[in-house]
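Structure, as C-alpha cells:
The values are calculated or read from the model by the stated rules, or taken from the named source; none is laboratory data. Model, not experiment: these values are computed from the prediction. Glycine also receives a Cβ, built like all others from the backbone with ideal geometry; neighbour counts cover every protein chain displayed.
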Amino acid sequence: MPSLPTGPHIVLASASPRRLELLQQIGIRALVHPVDIDESPLSRESPVDLALRLALEKARCCRGDMMQQGTELPVLGSDTVVDIDGEVLGKPADAEQAVAMLTKLSGKTHDVHTAVAVICADEEFSTISTSQVEFAALSVRVIQAYVGTGEPMDKAGAYAIQGIASQFIKSLQGSYSGVMGLPLFETASLLALCDIKTL
C-alpha cells in the first residue's frame, strides 16, 4: 500500500496561530510564510472590498516569495475586518485604542468580514464570509480588565471570540471559524478548486 505524502499541502501567508490551527482542524498541512503589506484602507473603500483586497495582496506577495524559492505549492491569504456601522476596527496599537474599540462594540451588533484568497497554478480564487456578532453591554471595569489580560492586542476589533471574550458574545449569525479568522466552509471550497481535498 503506497504511503501518503507527508509534506505541506499549501503555504499560509499569515503568522496567525489561529488560522494554522483551523487549517489543521480540516486536515490541511501548511507551510507558514507571513508577509508584510500595507493594510491601510483606500479612500472610500468598503470594509468588504478592503478584506478581499488584503487577502489577495497577501496571497500574491507570498506567491512571489515562493516562486523565488522554487516552491510551487498553492498559497492561501486571508484577512479579517471588523466593521461597526461602516467603520473598520483593525488591531489596536495600544491599550487605550483597545479600550476605545471595545467601548464602541459594547451593547451593539457588528459585522466581521473574513476574506480568503487562494492562488494555484497562476489562477486566483477568492471569497468572503460575513458574520454578525452581538456584544453584551460591557462596563468600564470589565473592558479595562479584559484589555489588561493582553488578549485584545493582536486581534481585529480588539477581541478573540475563542478566548476570554467568548463570554461577551450574546449572539452570532454566520461563521464561528470566520470570526476566528478563517471561514472553514469557504476555505475548503476554494481549496477544492485547486484539487486539495480536506477529506
Mind telling me which of the residues ALA93, ALA98 ends up being buried (at least 18 other Cβ atoms within 10 Å of the Cβ) and either over 13 Å from the mean Cα position of the chain (by Cα) or of a type in the set (Lys, Arg) (or both)? ALA98
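Can you say whether GLY77 is under 23 Å from ASP122 (Cα atoms) and in contact (Cβ under 8 Å) with a residue 12 or more places away in the chain, as far as the supplied structure shows? So that I can check it myself, show each step before the final result.
Working: under 23 Å from ASP122 (Cα atoms): yes; in contact (Cβ under 8 Å) with a residue 12 or more places away in the chain: yes.
So GLY77 fits the description; yes.
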Do we have VAL142 as modelled with pLDDT of 95 or more, part of a strand (DSSP E or B) and either surrounded by 15 or more Cβ atoms within 10 Å (Cβ to Cβ) or in contact with a strand residue (DSSP E or B) (Cβ under 6 Å, 6 or more places away or on another chain) (or both) here? no
Could you tell me how many of the residues in the range 161-181 are free of Cβ contacts under 8 Å to residues at least 40 places away in the same chain, among the small types (Gly, Ala, Ser) and assigned to a loop (DSSP other than H, G, I, E, B)? 1
Only unsatisfied item for VAL11, checking (1) touching a strand residue (DSSP E or B) at 6+ places or on another chain (Cβ under 6 Å); (2) crowded, with 16+ Cβ neighbours inside 10 Å; (3) more than 15 Å from LEU190 (Cβ to Cβ); (4) β-branched (Val, Ile, Thr), is (3)
Residue in the range 40-49 that is out of contact with any helix residue (DSSP H, G or I) (no Cβ under 9 Å at 6 or more places or on another chain) and more than 24 Å from ASP111 (Cα to Cα) present: no
I need a count of the residues in the range 145-160 that are within 12 Å of the chain's Cα centre (by Cα) and either in a strand (DSSP E or B) or on the phi < 0 side of the Ramachandran plot (or both). 4
Selection within the range 74-86 - modelled with pLDDT of 95 or more and not β-branched (Val, Ile, Thr): PRO74, LEU76, GLY77, SER78, ASP79, ASP83
Close pairs (6 angstrom Cβ cut-off, 6 or more residues apart or separate chains): free of Cβ contacts under 8 Å to residues at least 60 places away in the same chain in the range 182-199, assigned to a helix (DSSP H, G or I) anywhere: none
